[in-house]
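The values are calculated or read from the model by the stated rules, or taken from the named source; none is laboratory data. All of these numbers come straight from a predicted model, not from anything done at the bench. So basically every Cβ, Gly included, is an ideal-geometry build from the backbone, and we count neighbours across all protein chains shown. Heavy atoms of the whole protein, side chains included, go into the accessibility calculation; ligands, DNA and RNA do not. Shrake-Rupley method; radii C 1.70, N 1.55, O 1.52, S 1.80 Å.
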Amino acid sequence: MGRYGRGFGAATAARIAGLIVAGGLFAGGLGASAALAQGTVARPANEPAAPAPGDPVTRASYFFVGGRYQKVGEKTLMVGQMFVEVRTPAKVTQPYPVVMVHGLAQTGLNFMTTPDGRSGWAQRFVEWGYQVYVVDQVGRGRSGTNPEVYGPYDRLGTRDLERTFTAPEVYDLYPQAKLHTQWAGGPGVQGNPSFDQYFASQVPYLANSQQTEDLVDTALGALLDRTGPVILVTHGQGSLFGWALSDSHPDLVKAHIAVEPGGPPFFDVKFRGGKDFWEKTGEGRARAYGITRMPLTFAPPVKTPEDLAVVQQAKPSGDGQVRCWLQGEPVRTLPNIAKVPAVIVTAEASFHATYDDCTAAFLAQAGAKPEVIHLADQKVRGNGHMVMVEKNSDLVADTLMGWLSGRVRP
């Protein structure tokens, strides 16, 4: 039963085992040699065609959604607005646009370019014929930073980013950390030009995480009212909004690619290295509804978070894993999220490699069936959490687009 075979009942384990994708399952459409060379997720067969002379590679524009006027002291201000950058290929060849949602302390800039000066995921998806919408979370970046409106802010320092995002191999706080090799210019520490550029892009974020979810969930709903059906690509904290949007708009979310989704379910953990490399942070539930702080549509209905019983695995599901928190009996399902094709993507050397399987297990237990891509299994090696800005970012993007092939609902 692999990683999921211990710590809960056989029926649940059997359902979860379906998440573990055997080597050849993704290889449809690739020849044997191509599958060996590229891994087992089918990537697009050909490089994007070069534009004809004089043709624009992209058309760029922007707009705001979700804003409303509000009296704040003696001033009338706009609140709740979300900035959306649009990149459109010269010829749109894909049926649905892609909405990219960034994570904690970041902005949509992470998808536009890389700290070492290369084009980012937005351009890569455009080259494959997708129209792309890149957002800045409400109250952050180009959406507007205003403590008068949103209250206290927080921000991450260099050490926070080095040990978890850009140079885990230096700090060695969890078993997979030493595998990190993909930051440009060596370990991503202060003084590395690529890290310095990256750190310059970091911004303050709302200290109140539940308020953030409420604001961004609302704004993303307004975006879908404008765009119609979309494909979601979320990263880290951004996945919380992706699950909520899949729950509230299952007819409009045609697929959800959750790259290193926020987790693990219910509680936060911190890493300290050594044999017992992790511990739970605090006693209260960090995500009251398992994968979100805001309510989701459970069946039978959940009136308060306390309606969800929580149990912890007696043993981790494998080496280098945390012990998952999952639902206890009676287990409730997530019928709306279950309608949306989803994949959880985990990097080899990220701290998420210790617990993303818990997120997959929680969703499987609730009746959703997310697929799982461990990038190392696709011969995409050495990545940390910030996969979209690391040296092999195009290879990661092409892996995601390979997964989309044939999985997007009409």
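Answer yes or no as to whether Gly221 is under 18 Å from the mean Cα position of the chain (by Cα) and either under 30 Å from Gly318 (Cβ atoms) or assigned to a helix (DSSP H, G or I) (or both). Please lay out each step first, then the result.
Details: under 18 Å from the mean Cα position of the chain (by Cα): yes; either under 30 Å from Gly318 (Cβ atoms) or assigned to a helix (DSSP H, G or I) (or both): yes.
So Gly221 passes the test.
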Sole miss for Arg285 among (1) out of contact with any Asp or Glu (no Cβ under 8 Å at 6 or more places or on another chain); (2) within 23 Å of Gly384 (Cβ to Cβ) is condition (2)
Please specify each residue of the stretch 50-65 satisfying the condition of being modelled with pLDDT under 65 and surrounded by fewer than 12 Cβ atoms within 10 Å (Cβ to Cβ).
Ala50, Ala52, Pro53, Gly54, Asp55, Pro56
Hits in the stretch 106-134 - residues which are assigned to a loop (DSSP other than H, G, I, E, B) and either open to solvent by 10 Å² or more (accessible area, probe 1.4 Å) or in contact with a helix residue (DSSP H, G or I) (Cβ under 9 Å, 6 or more places away or on another chain) (or both):
Gln106, Thr107, Gly108, Thr114, Pro115, Asp116, Gly117, Arg118, Gly120, Trp128, Tyr130, Gln131
I'm trying to understand the selection: among the residues of the stretch 161-212, which are out of contact with any strand residue (DSSP E or B) (no Cβ under 9 Å at 6 or more places or on another chain), open to solvent by less than 20 Å² (accessible area, probe 1.4 Å) and among the aliphatic types (A, V, I, L, M)?
Leu161, Ala167, Ala184
Of everything in the stretch 149-167, what is under 23 Å from Val84 (Cβ atoms) and either assigned to a helix (DSSP H, G or I) or among the hydrophobic types (A, V, I, L, M, F, W, C) (or both)? Give them in sequence order.
Val149, Tyr150
